[in-house]
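This report refers to the structure that appears directly beneath it.
What follows is calculated from the coordinates using simple rules that are stated; it is not laboratory data. This one's a predicted model, so the numbers in the text were calculated from it and none came from an experiment. Here the Cβ is made from the backbone with ideal geometry for all residues, glycine too, and neighbour counts use every protein chain on show.
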């Protein structure tokens, strides 16, 4: 119950890969070196100038060293985006007396022009604000602010990022061509999802995605290769089962079980004990029947899931072929079958899982891949 109450917090988290500790440390070290080297060179070139370095470079370093594959982190975006933001920011600072109006207009125009020139770079918004709110030392520079410190800082940090990322074996800047021998799709793409398909889908998107078409092509191609390799062999239960199983505890209150049924919108759930062993199943209709006989003496002591659950459960092993499950789904209309290993629940296979496999096999028969 406690878990369910705080489950909504997961909806606030991004679906973002957490890198291993070593990679996270290298991202931090890259930012440290990039900012230190570029700032020292800027200080040497500009001397005692008060605005020798600007804070937006810290935000740029997050993109350049932590997510260099992002379209927003590419050299064009950083140089052109910061230049546009600098020009707009300085102009607004000169001609709009009210500071709030000045930096608001500056950021709004910078976003519009960056999106128009395909140079969107989030830290550039801070560049526009710095041009307005940077104080007297920035205002005295006028349009020189665009060349130094903005462009000077940007190019120096960019150079360090290129060397550092390539030293780690990362391709930066990104090369937007997957097939190095030809502009045509790769052999696998020709018979599955082609780059034009991805482009057509993205054309209908109403919002920007922080991933390039190149990266999408690469991910889809690798996933397709894995799927093809898996399809040549016989499917086992462990290949298609759902491992993150929603289940009930045998000691749960029936009232709490009903809340979970309502939350997940399922008709039946497996029941486990404290050792995660499968001990039964509970169907929603059994809970309804329990409510119907609530006034009966028998129901007065029934308040736990284990007291009304069905202890007779059909299970399968992870290494069983999925053909063994067909009679249960077809002849006996099962909604799901639990997968058990060493008496412990390790997954479930639903009717939808079986339909998905059948569809995949039908596609391979009607549209065979020419290897």
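For the chain, take the longest principal axis of its alpha carbons; what is the angle in degrees between that and the long axis of helix 99-116, to the nearest 10 within 0 to 90? Once rounded, one gets 70 degrees.
Taking 258, 33, 325 in turn, the Gaussian network model of the chain (Cα-Cα springs below 10 Å) assigns the largest fluctuation to 258.
For the chain, the pair-distance distribution built from all alpha carbon pairs, in bins 10 Å wide starting at 0, is 4, 16, 18, 18, 16, 14, 10, 4, 0, 0 percent. Compute the long axis of helix 75-95 from its Cα atoms, compare it with the longest principal axis of the Cα atoms of the chain, and write down the angle in degrees, 0 to 90, nearest 10. Relative to the chain, helix 75-95 is tipped by roughly 60 degrees.
Take each of the peptides 205-214, 350-359, 54-63, average the number of other beta-carbon atoms within 10 Å over its residues, and list them starting from the highest. The partial results should precede the final answer.
Numbers: 205-214: 11.7, 350-359: 14.8, 54-63: 21.0.
Ranked by mean Cβ neighbours within 10 Å, highest first: 54-63, 350-359, 205-214.
Compared with the dominant Cα axis of the chain, that is its longest principal axis, helix 123-133 is turned about 50°. Residues 197, 48, arranged from fewest to most other Cβ atoms within 10 angstrom of their Cβ, appear as 48, 197.
Take every DSSP beta bridge with both residues inside the chain and express the antiparallel ones as a percent of the total, to the nearest 5. List each step's numbers first, then the result.
On the way: 16 of 19 bridges.
In the chain, approximately 85 percent of DSSP beta bridges are antiparallel ones.
In terms of surrounding Cβ atoms within a 10 Å radius of their Cβ, 104, 119, 38 rank from fewest to most as 104, 119, 38.
Considering only 131, 257, 161, the Gaussian network model of the chain with Cα springs below 10 Å gives its largest mean-square fluctuation to 257.
So how do 282, 221 line up by other beta-carbon neighbours within 10 Å, fewest first?
Values: 282 25, 221 19.
Final ranking by Cβ density, sparse to dense: 221, 282.
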